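Beneath this line is the structure, given in structure tokens, with notes to follow.
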């Protein structure tokens, strides 16, 4: 026969496991958000590049519309590299296609083509190339497009929430007895 104290201990243990699972899931979610924020906001800036959303299917199956690609400037580009470039010099429009040929001469020219396209693009000069794609994050561009002009506010808010959550966890953690490596416990009444 279980006593009231035994039932209470089981209820506390169940609640403790539930809280631990929620904390773990929350930590994994926050860590995932942090990794995404680093991958599309911090790392591209540190590398001198940019994170860009793929808008068309010209690079399928390599990159699909809604993927985010990170393009970083290089000294030169080789056949097989996927590059982001201005199809018309000085025009802010950008295209991301694969280099399929390099023409050397007085001025190096790159011939590009989308993986899903049947024809080459007009040759471009090195000054039109913004960078080589070094990695991509699938589907993230759909979210970036949905939040539109509020993207900066959301990234800043998420960063503040992460810092606040970390501070809360650090300040609310029970003190640790450094000599024993344990936290103080209270004695339960039978």
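No lab work stands behind these numbers, since they all come straight from the coordinates. Keep in mind the model is a prediction, meaning the values are calculated, not measured. Backbone-built Cβ (ideal geometry, glycine too); neighbour counts: all protein chains shown.
Points worth noting:
- Between residue 117 and residue 79, the simple label model (points 7 Å from Cα in the Cβ direction) yields a spacing of 1.8 nm.
- For region 89-147 and region 37-88, distance of Cα centres in Å: 8 Å
- Short-range pairs are left out: with C-alpha atoms under 8 Å and at least six residues apart, the relative contact order of region 50-142 is 36 percent.
- Net length gained if the chain between residue 46 and residue 27 were fully extended (0.36 nm per residue, minus Cα distance): 4.3 nm
- Ordering of 145-154, 158-167 by burial proxy (mean other Cβ atoms within 10 Å per residue, highest first): 158-167, 145-154
- Region 31-190: relative contact order in percent, alpha carbon pairs under 8 Å with at least 6 residues between: 21 percent
- Each 10 Å bin from zero holds the following percent of Cα-Cα pairs in region 50-142: 18, 53, 26, 3, 0.
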